[in-house]
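The values are calculated or read from the model by the stated rules, or taken from the named source; none is laboratory data. Note that this is a predicted model, so its numbers are computed, not measured. Glycine gets a Cβ as well: all are built from the backbone with ideal geometry, and neighbour counts include every protein chain shown.
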Amino acid sequence: MREKILALLLAREGEFVSGEELSKVLGISRAGVWKHISHLREEGYRIESQTRLGHRLARNSGPLNKYVLGHNLGTAKIGREFVVRHEVSSTNEVAKELARAGAEDGTAVVAETQSGGRGRRGRQWLSPQGGIWLSVILRPGVGLKDVASYTLLTGVAVAAAINKVTGLKAGIKWPNDILIRDKKVGGILAEVFGEWQAVDFLVIGIGVNANLGEQDLPPGVMATSLALEAGQPVLPVELIQNILRELERLEQLLLAGKLSEVLAEWRSLAVCLNCTVVVKEHKEEWPAESVDIAADGALIVKTADNRLVKLYSGEVSLRGPAAITILTSFLCSYCKPFFIN
Ligand code: BT5
């Protein structure tokens, strides 16, 4: 019943809905309506009640849940199903289990905190309350060679959504870092499950330090949050919805054979093209100049002796044949050779 009341208030967000109307539509007494409204307030929703007018839900108030996230989302596939949890070990893990159990293409998993948030190669991703910890299940029906574009398009989706919602200037550092003023504000962990020729599903994990304070950021890392950069909190629902809308738009471009348009957007958001970088590959390190992004997601760099080299980065879990991992670290900071790891 509480969820039904919430859905009705959400449908008329910002407007008063009378107690009489609620009790009629739901077939419960006015006292019953009051009881549920009080519970919703206890759960954190900001609901204003006025004797003659009724009840009004403030925009973007209350904890994240599938009703609030799905309200006015407007996508055809991504986020049609939401799984929202208070705390999980990792949204990517939850998404993987759900996908194995048959969850739909586009299902989104959101958690308020993660106790075991993961970066690439087993690195830790700090995920306290206030951040956006999101994973999306995709079943694009493509082969392994086509999935690298998903890390790229996710970077575009996240940076574009941040810029739209906050007016800040977030950029992408290849392959998966979202930076603002050279500091990491978000990261992407795309994982692939399936076999060589037929990918079963992808789990696209997205972490954004939305409303984290200084004290919540990982120590010793060049990191920041949107709230710190903008000087005010951001609305998590708005940001998540915009990320999902952008993901859908970009995936549609990709599936329509318009990868070149996705790449053009990627280039326009890249923080380090045509700059000096240090490539760290296995135990070797060498300087190069980043030149472009390739259709297969590789970064193209020019070596000191003018050779063009493609760099790949990614982690791939495969069922069937032995798991493969192609690892290359590409490190850069605004056109100066610079190490971060
Ligand atoms: C990433 O890895 O940047 C991918 C992060 C993906 C996180 C999302 S959250 C939802 C989903 N569920 C998960 O479990 N993961 C995904 P990588 O490039 O390996 O960067 C990891 C490094 O970033 C760490 O070694 C730290 O140095 C740094 N780091 C950790 N937590 C951070 C944070 N909250 N903000 C900025 N940097 C952080």
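Within 8 Å of the ligand (Cβ to nearest atom), modelled with pLDDT of 95 or more, in the same structural domain as Gly231 (by TED's automatic domain parsing) and outside any strand (DSSP E or B): does that describe Glu93? Before the answer, list the steps.
Details: within 8 Å of the ligand (Cβ to nearest atom): yes; modelled with pLDDT of 95 or more: yes; in the same structural domain as Gly231 (by TED's automatic domain parsing): yes; outside any strand (DSSP E or B): yes.
The answer is yes for Glu93.
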Task: Check on Lys164, of a type in the set (Lys, Arg), in contact (Cβ under 8 Å) with a residue 12 or more places away in the chain and within 12 Å of the ligand (Cβ to nearest atom) - done: no
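So which residues in the range 188-239 are assigned to a loop (DSSP other than H, G, I, E, B), within 10 Å of the ligand (Cβ to nearest atom) and either not aliphatic (A, V, I, L, M) or not assigned by TED's automatic domain parsing to the domain that holds Asp146 (or both), if there are any at all? Let's see the steps before the verdict.
Taking the range 188-239 and keeping what is assigned to a loop (DSSP other than H, G, I, E, B), we get 195-198, 209-213, 217-222, 224-225, 231-235.
Filter again for within 10 Å of the ligand (Cβ to nearest atom), leaving 209, 212, 217-222, 224-225.
Within the range 188-239, Asn209, Pro218, Pro219, Gly220, Thr224, Ser225 meet the criteria.
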Open item on the list: Of the residues Val165, Val158, Val94, only one is closer than 23 Å to Leu73 by Cβ, among the hydrophobic types (A, V, I, L, M, F, W, C) and under 13 Å from the mean Cα position of the chain (by Cα); which?
Closed with: Val158
Task: Candidate set from the range 120-134 (those that are within 6 Å of the ligand (Cβ to nearest atom) and part of a loop (DSSP other than H, G, I, E, B)); member that is surrounded by the fewest Cβ atoms within 10 Å (Cβ to Cβ) - done: Arg123
Open item on the list: So Ala160 ticks every box in (1) surrounded by 24 or more Cβ atoms within 10 Å (Cβ to Cβ); (2) touching a helix residue (DSSP H, G or I) at 6+ places or on another chain (Cβ under 6 Å); (3) among the small types (Gly, Ala, Ser) but one. Which box is left unticked?
Closed with: (1)
- [ ] Working only within the range 174-187, note down all residues that are farther than 21 Å from Glu93 by Cα, touching a strand residue (DSSP E or B) at 6+ places or on another chain (Cβ under 7 Å) and in a strand (DSSP E or B).
- [x] Ile178, Leu179, Lys183, Lys184, Val185
TODO: Quick one: count up the residues across the range 181-202 that are buried (at least 21 other Cβ atoms within 10 Å of the Cβ) and farther than 21 Å from Glu251 by Cβ.
DONE: 1
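Yes or no, residue by residue, for (1) of a type in the set (Val, Ile, Thr); (2) in a strand (DSSP E or B); (3) loosely packed, with under 15 Cβ neighbours inside 10 Å:
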| position | (1), (2), (3) |
| --- | --- |
| Ser38 | no, no, yes |
| Arg59 | no, no, yes |
| Leu69 | no, no, no |
| Thr75 | yes, no, no |
| Glu104 | no, no, yes |
| Val109 | yes, yes, no |
| Thr113 | yes, yes, no |
Task: Residues of the range 47-87 classified as over 16 Å from the mean Cα position of the chain (by Cα) and within 13 Å of the ligand (Cβ to nearest atom), total - done: 1
TODO: Please state which one of Ser115, Ser135, Ser149 is of a type in the set (Ser, Thr, Tyr) and under 26 Å from Ala230 (Cβ atoms).
DONE: Ser135
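Quick one: which residue in Gly297, Gly213, Gly205, Gly220 is farther than 27 Å from Pro140 by Cβ and either within 22 Å of the chain's Cα centre (by Cα) or surrounded by 13 or more Cβ atoms within 10 Å (Cβ to Cβ) (or both)? Talk me through it step by step, then tell me what you get.
Details: Gly297 fails: farther than 27 Å from Pro140 by Cβ; Gly205 fails: farther than 27 Å from Pro140 by Cβ; Gly220 fails: either within 22 Å of the chain's Cα centre (by Cα) or surrounded by 13 or more Cβ atoms within 10 Å (Cβ to Cβ) (or both).
Just one listed residue meets the conditions, Gly213.
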